[in-house]
Structure formats: C-alpha cells, structure tokens
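Participant: Structure in structure tokens, see below.
Bear in mind these aren't lab numbers, they're just calculated from the coordinates by the rules spelled out. In this text, all values refer to a predicted model and were calculated from it rather than measured experimentally. FYI the Cβ positions are ideal-geometry reconstructions off the backbone, even for glycines, and counts take in every protein chain you see.
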Amino acid sequence: MEVVIEMTLPRDAESAPLARHTLDASLRGLGVTSEIRADIALALSEACANVIQHAEYSREYEIRAHMDGVRCVVDVIDCGKSGDPAVWKREDRQAPPAA
C-alpha cells in the first residue's frame, strides 16, 4: 500500500506536533513499529524546528511524506523565496535504501 501525505503548515511551533501526529497515525496504520515511528518522529521534529527557526522569508512550510510499505521519505520544505524549487523534484534525488 502506498501512502502520500502533503501538508502546508504555518511556520510556528504549534504546527510541528500536528505534523508528527499526522505522520505517526499514517505509519501506525501501515503497521510500522513504534521504534521506527519514534525515529521518524524525531527526524521530522528536527526538520520542522529548523524550518520554523530559520525560514526567514516564509510564513508557511510544506511536508511531503511518501510511504510505500518498505520505506518512508519525508521532505520538509521552506516555502520562502530562497532556494531553487528544481532542487526538490523527487526524481532528482535518491534516498539510500536504509534511510
């Protein structure tokens, strides 16, 4: 089963728990163990905190999660004016198999 989650959230500290809860519920529904979900939640928390703290030119940020039953790839994206959107194209990146 493939699951894709896309969220646009306000760049404030209250949005991170919502993102974690949404992703965790989806992973739990796919049968992902609590240990793995905790690792993913920690990484997501760190990425959200970085965007919330450092995305000066944006009022929002995006989270895109793709889960295919084998792996979970999560992108946390600053929606500000800085950066090149072409960098975020999924086909341009490959996550290591153990990521």
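Participant: For R71 and T8 in the same chain, what is the full-extension length gain: residue separation times 0.36 nm, less their Cα-Cα distance, in nm? Don't jump to the answer; show the numbers that get you there.
Facilitator: Values: separation 63, 0.36 × 63 = 22.68 nm, distance 2.22 nm.
20.5 nm is the gain from fully extending R71 to T8.
Participant: Once both labels are modelled 7 Å past Cα along the beta-carbon direction, what's the I36-A49 spacing in nm?
Facilitator: Rounded to a tenth, the inter-label distance reads 2.5 nm.
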